[in-house]
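*Asks:* I have a structure here, written as structure tokens, and I will follow up with some questions on it.
What follows is calculated from the coordinates using simple rules that are stated; it is not laboratory data. Treat the numbers as computed from the prediction; the structure is a model and nothing was measured. So basically every Cβ, Gly included, is an ideal-geometry build from the backbone, and we count neighbours across all protein chains shown.
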Amino acid sequence: MSSRDAVLARIRAALADAPEPDPVVRDYRTAHVPGADVPVGHVPGADVPVGHVPGADVPVGHVPGADASTGHVPAGRHVPAAHVPDEHVAVIDLLAENLADYRAHVHRCTEAALPALLARLLAEHGSRSVAVPPGLPHGWLAETGEVRQHPDEPPLTARELDGIDSVVTTCRLAVAETGTLVLDAGPGQGRRALTLVPDHHICVVRTADQVVASLPQALPRLDPARPLTWISGPSATSDIELDRVEGVHGPRTLDVVLLE
Amino acid sequence: MRVALFATCVNDAVLPRAAIATVRLLQRLGVEVDFPEQQSCCGQPQYNTGYRRQAEPLVRRMARAFDGYEYVVTPSGSCVAMVRDNYPRIGAKARAEGRGEELAAAAASLTPRVLELTEFLVDVLGVTDVGAYFPHTVTYHPSCHGLRVLGLGTRPLALLRAVEGLELVELPGAEECCGFGGTFAVKNPDVSTAMGADKIAHARSTGAEVLCGADNSCLLHLDGMLRRQSRGRGDAPLRTVHLAEILAPTEADPWSVA
Amino acid sequence: MSGRTYLGMPAFPVEAKASTKDERLRANLRHATHTIRDKRARAVGELDDWALLREAGKRIKDHTLRHLDTYLLQLEDRVTAAGGTVHWAADAAEANRIVASLVHATGETEVVKVKSMATQEIGLNEALAAEGVNAYETDLAELIVQLGDDLPSHILVPAIHRNRGEIRDIFRAQMGRWGRPAPEGLTDRPADLAEAARLHLREKFLRAKVGVSGANFMIAETGTLVVVESEGNGRMCLTLPETLISVVGIEKVLPSWQDLEVFLQLLPRSSTAERMNPYTTMWTGTTAGDGPRDFHLVLLDNGRTATLADEVGRQVLRCIRCSACLNVCPVYERAGGHAYGSPYPGPIGAVLMPQLRGTTSEVDASLPFASSLCGACYDVCPVAIDIPEVLVHLREQVAAQPGHGAERAAMKAAAWLFDHPAALAAAERAASATRAVHPRTLPLRPAKAWTDSRDLPELPAAPFRAWWKQHRTTRQEPAE
């Protein structure tokens, strides 16, 4: 008997008399950022923890398309985040706040001002070279002057990447409640190594359509078939006395540009 | 109202003051108290040490002893936790082992009627000010079973705050275990003692005269350490006192150490 | 390679006796666990639906375990369809053989490793060393343990027993033997120590051809594996090598992609007390031009199916290895992780290892008793494993083994006495017998274990029963 068959047989024997457990209930929130009809969870200066929703009177969101019996939404089913504009402002503010809380540097600018901002960030980091993923919008790096651009076409070797100071990318989406950027190797994001080996990562987020409030709103928009990298602040560790310090193997500087 | 007192074996044999104080307190509040003499031990030592089957006769005895009482009140959180959490498990396991419904039925009949003292005072009698007088500085250790299994919450503190003359000081690290843990105290004496030493250090740091608890088994362990520590040393006096012994005395009938 | 193993570890109380007296260890553990404890409470407190998430996490795991065969087959199908290869390992030895042969097939003699409990559990590094393959740990804490020829003592932070000064000393003394030495004048600042690790490991990442990992979650619906981490060493190992081998316990499977919305909220807040850990990598099979060309998934049983068969014990398989239970455990804090005799210390180790390994060894038989049953572990467990319930359940198994005759007799005698009130009353009256009927100190040799550090209680003049007999007639009046 193969080990595969042996393990499966043991599982079936172990469960022969096991009762069916309680059904899965997904009555947790689909977002903790308050809806438009309730006070904003975190007002700067107010003594309310980030992401906290006061009171039980906040309506719990419902995920359209969920299976009634299991609560599952099939992977890849697109569920748009149902936000009114006022709320979306609060979501973007929360994203900025949570990113900054984990030591990412957050910048806001318009599309027109982006090339100048990127040039400034590269200069401030002292970068002399920048890796450029396929599909990064033309013109974003138009004002970087002396900084040498390394397109990842053909792919750079790991050692080549190790010699490059910075990388500029887009992202697939960003999650406000957790201060997370998600990259899926799509246009402007590059393969996973590109945002890993250089010590400085600048990630541009389109706030109009790339920011969601929560994990339950993020997962349906992602394609599991693509390689995904979730980034919440720069590389960090808690391995010394369980206290967090930033900067180990991944990029030690993370600049996030929220594009308005 | 007539209730049965479940004194618990530890209070009966070793620390009767807490049981006596419970009787006096309840009587003062107009409650008629019975002590069914067929009661003994809830079986927690056996059960928690891995001798479930030896706890079974005690489950039956408890159910028989307290049959017919609307409430069974006990000044011990861990014994209530044993009844409430583990009697149904003992019944369910006996059933699963093909030994019938008897133990499950005994557990089901008894369990909902057994209340820890502060639950009975606050939830049933609806009082927090029991008219007590205790002119001392007190810090409160919420024993693990009361805190986490029973969820006694603020009940003991509300009762203490209403005591005349009592100054309540917060115990740092209150939610941490004192290290008693039943047979843990003798199976892992070094860890048990290390935990107890930290608990006592926290209690001493408050400057309180009295370390109060609602579970005498924990206090037994802490008191044993306190007396060992202070032997031949000039430590500030700190003594363990059960919550019932603080709620029972009045200005007319004050607490005495003896 | 590490020469130290957990083999032949003494019973928990023996090892703990030494560690409770190690002032530096006690201080390191107290500092670290209290730091993370408070942070976790704040991170969890941000979510007012934590209890609902916890219940959902528990139920998703229970549902998965109840249909584990179905979900594993679905996972195998999806991983294979996405270009991966799935292997099944019945035990540690088989898993090690599979990994070694996969490494040999690449022609390489070194691998870089992501921190993985499963590979610690099976002793993969030692097995690979015996096959001529060097396995380099790349997680900072695992690196500290490996360089220091030490054993891990915590699930999340295996070097939690080391403080910054000790870590600096290990780096200075040992890094040069393994590769790039520690920088001149290395200080004990955590940022400098992290920088030293970055420099030391960078060369290994860049040349590595084979990566070895575990996984936090596997999604049956999509064939996706998920690794959460903080430092970026995981991304290095999962992304740069040409071959990736992931060794994952069979209980790590989740049915659906959507289930991650629960577990990616539960895990980081419970584990590192963060809203989200810095890096999470998700991959499904292989992707042309991005990451490893070959992906192998080794599904590990190694005692899990035996655990699954135990109706009380199977809840332990819900565990997502967050280590919140360690960080709140008063026993762990004082005894330290090594006393538990496995890579899984603390409360979860005390209920997991006696099930995975059985209770025949001294240390495994002692683990179910290494708890005061205070319940702090259950309170913080993000998947609601009732650890005290399982501990007591396992105590019953151990108590039934040979060698517990005296204790059983004592327990039986006490139970008999308590079931015979007349005899009990007589015994209570007899002062000499009073100690013997004290249930909390009964199980033999108890008096010494108690009195080494504690006075015995002063016995009352009379038991409560005697007082009651005198006062019962006046029960409606204030008793005098």
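*Asks:* With a/c under 1.5 counting as rounded, go ahead and sort segment A:121-163 into rounded, prolate or oblate using the C-alpha gyration tensor (a ≥ b ≥ c being the square roots of the eigenvalues; past the cut-off, prolate if a/b is larger than b/c, else oblate).
*Replies:* Oblate.
*Asks:* Suppose we take every Cα in segment B:137-247 and form the convex hull; what volume per residue is that in Å³?
*Replies:* Per residue, the Cα convex hull of segment B:137-247 comes to 93 Å³.
*Asks:* So, one more: Below 8 Å, C-alpha to C-alpha, sequence gap of six or more: please give me the relative contact order for segment A:81-259 in percent.
*Replies:* Reported as a whole number, the value is 28 percent.
*Asks:* Rg/Rh for chain C to two decimals, with Rh computed the Kirkwood way over all alpha-carbon pairs.
*Replies:* Radius of gyration relative to Kirkwood radius: 1.05.
*Asks:* Between beta-carbons, use under 13 Å as the cut-off and find the net charge around A:D184, counting Lys and Arg +1, Asp and Glu -1.
*Replies:* +3
*Asks:* Something else now. At a 10 angstrom cut-off on C-beta neighbours, averaged per residue, how do the peptides C:168-181, C:400-413, B:17-30 rank from highest to lowest?
*Replies:* Top of the packing list down: B:17-30, C:168-181, C:400-413.
*Asks:* State the Kirkwood hydrodynamic radius of segment A:81-259 in Å, one decimal place, computed from all pairs of distinct Cα atoms.
*Replies:* Values: mean 1/r = 0.0607 Å⁻¹.
So the Kirkwood estimate lands at 16.5 Å.
*Asks:* Also, quick follow-up: Give me, ordered by chain and number, the residues 5 or more places off B:V241 or on other chains with an amide H under 5 Å from its own placed amide H.
*Replies:* It is B:L211, B:C212, B:G213, by chain and number.
*Asks:* Peptides C:219-229, C:55-65: what's the order by average Cβ count within 10 Å, highest mean first?
*Replies:* Working: C:219-229: 24.6, C:55-65: 22.9.
Sorting C:219-229, C:55-65 by mean packing, highest first, produces C:219-229, C:55-65.
*Asks:* Suppose we look only past 24 Å in the calculated P(r) of segment A:148-235. What percent of the Cα-Cα pairs does that tail hold?
*Replies:* Numbers: 752 of 3828 pairs.
Percent of Cα pairs beyond 24 Å in segment A:148-235: 20.
*Asks:* Which ³J(HN,Hα) values, rounded to whole Hz and listed in residue order, are derived for segment C:54-66 from phi using the Karplus coefficients 6.51, -1.76 and 1.60 in 6.51 cos²θ - 1.76 cosθ + 1.60 with θ = phi - 60°, glycine and proline given as x?
*Replies:* With the stated coefficients, segment C:54-66 comes to 4, 5, 5, x, 4, 6, 4, 5, 5, 4, 4, 5, 5 Hz.
*Asks:* Further question on the same structure: Determine the percent antiparallel among the DSSP beta bridges restricted to chain B, to the nearest 5.
*Replies:* Around 0 percent antiparallel, to the nearest 5.
*Asks:* In nm, to one decimal, how far is the modelled label at A:D27 from the one at B:D123, with both set 7 Å along Cα→Cβ?
*Replies:* Roughly 2.1 nm, to one decimal.
*Asks:* Please report, in cubic angstrom per residue, the volume enclosed by the convex hull of the alpha-carbon atoms of segment C:330-435.
*Replies:* Output value, Cα hull per residue: 140 Å³.
*Asks:* Under 14 Å from the Cα of C:K115, which aspartates and glutamates turn up, not counting those fewer than eight places away in the same chain?
*Replies:* Cross-link targets: A:D239, C:E137, C:D139, C:E142, C:E229, C:E231.
*Asks:* Moving on. From the Cα trace of segment C:34-97, what convex hull volume per residue do you get, rounded to a whole Å³?
*Replies:* Roughly 183 Å³ of hull volume per residue.
*Asks:* Counting DSSP beta bridges with both partners in the protein assembly as shown, what percentage is antiparallel, nearest 5?
*Replies:* In the protein assembly as shown, DSSP labels about 25 percent of beta bridges as antiparallel.
*Asks:* Separate question: Any idea what % of Cα-Cα pairs in segment C:98-147 are farther than 16 Å?
*Replies:* Looking at segment C:98-147, the distances longer than 16 Å represent 35 percent of pairs.
*Asks:* Additional query: Residue by residue through C:223-233, how many Cβ atoms from other chains fall within 10 Å of the Cβ on average?
*Replies:* What the average comes to for C:223-233 is 5.
*Asks:* Still on this structure, please answer the following. Among bridges DSSP assigns within segment C:12-304, what percent are antiparallel (round to 5)?
*Replies:* 30
*Asks:* Here is a further query. If the only charges are +1 at each Lys and Arg Cβ and -1 at each Asp and Glu Cβ, what is the size of the charge dipole of chain C around the Cα centre, to the nearest 20 debye?
*Replies:* 1240
*Asks:* Now for a different question. What percent does the relative contact order of chain C come to when contacts are Cα pairs within less than 8 Å and at least six residues apart?
*Replies:* Normalised by residue count, the contact order of chain C is 20 percent.
*Asks:* What's the average, rounded to a whole number, of partner chain beta-carbon atoms within 10 Å of each residue's beta-carbon in B:169-176?
*Replies:* If you average over the peptide's residues, the count of other-chain Cβ atoms is 1.
*Asks:* Please give the net charge around B:A94, taking every other residue with its beta carbon less than 10 angstrom from that of B:A94, where Lys and Arg add +1 and Asp and Glu add -1.
*Replies:* Taking every Cβ under 10 Å from that of B:A94, the sum is +2.
*Asks:* Using amide H atoms built in the peptide plane, which far-off residues or other-chain residues are under 5 Å from C:A135 H to H?
*Replies:* Long-range HN contacts for C:A135: C:V111.
*Asks:* Among C:L47, C:A376, C:P354, whose Cα sits farthest toward the positive end of the charge dipole of chain C (+1 at Cβ of Lys/Arg, -1 at Cβ of Asp/Glu, about the Cα centre)?
*Replies:* The listed residue farthest towards the positive side: C:A376.
*Asks:* Continuing with the same structure: Magnitude of the Cβ-charge dipole of segment C:243-310, K/R +1 and D/E -1, about the Cα centre, nearest 20 debye?
*Replies:* My answer is approximately 140 debye.
*Asks:* In what sequence, highest mean first, do A:115-127, C:328-340, B:112-124, A:243-255 appear when ranked by Cβ atoms within 10 angstrom?
*Replies:* C:328-340, A:243-255, B:112-124, A:115-127
*Asks:* Okay, moving on. List the aspartates and glutamates whose Cα lies under 16 Å from the Cα of B:K93, skipping any in the same chain that are fewer than 8 positions away.
*Replies:* Candidates past the 8-residue exclusion: A:D17, B:E56, B:D85, B:E101, B:E102, C:D310, C:E311, C:E389, C:E396.
*Asks:* Same structure, new question: Inside 10 Å of the C-beta atoms of A:245-256, what's the mean count of C-beta atoms belonging to other chains?
*Replies:* 6
*Asks:* With the cut-off at 24 Å, tell me which of the pairs C:K17/C:K448; C:K113/C:K252; C:K17/C:K412; C:K412/C:K448 have Cα atoms farther apart than that.
*Replies:* C:K17/C:K412
*Asks:* Sticking with this one: If you rank A:V91, A:V106, B:V257 by fewest surrounding Cβ atoms within 10 Å, what's the result? Don't skip to the end; give the middle numbers.
*Replies:* Details: A:V91 25, A:V106 18, B:V257 6.
Result, fewest neighbours first: B:V257, A:V106, A:V91.
*Asks:* So what is the diffusion coefficient of segment C:125-214 in µm² per second by Stokes-Einstein at 4 °C and 1.567 mPa s, using a Kirkwood Rh over Cα pairs?
*Replies:* It comes out at roughly 95 µm²/s.
*Asks:* Tell me, for chain C, which Cys residues have no other cysteine's C-beta sitting closer than 4.7 Å.
*Replies:* When partners are defined as cysteine Cβ atoms under 4.7 Å apart, chain C leaves C:C237, C:C319, C:C322, C:C329, C:C381 without one.
*Asks:* Please list, short to long, the whole-number percent of alpha-carbon pairs of segment B:2-125 in consecutive 10 angstrom bins beginning at zero.
*Replies:* Pairs per bin, as whole percents: 14, 47, 30, 9, 1.
*Asks:* Counting just the Cα atoms, what span does the protein assembly as shown cover along each of its three principal axes? Round to the nearest Å and put the largest first.
*Replies:* Sorted from largest, the Cα extents of the protein assembly as shown read 99, 61, 60 Å.
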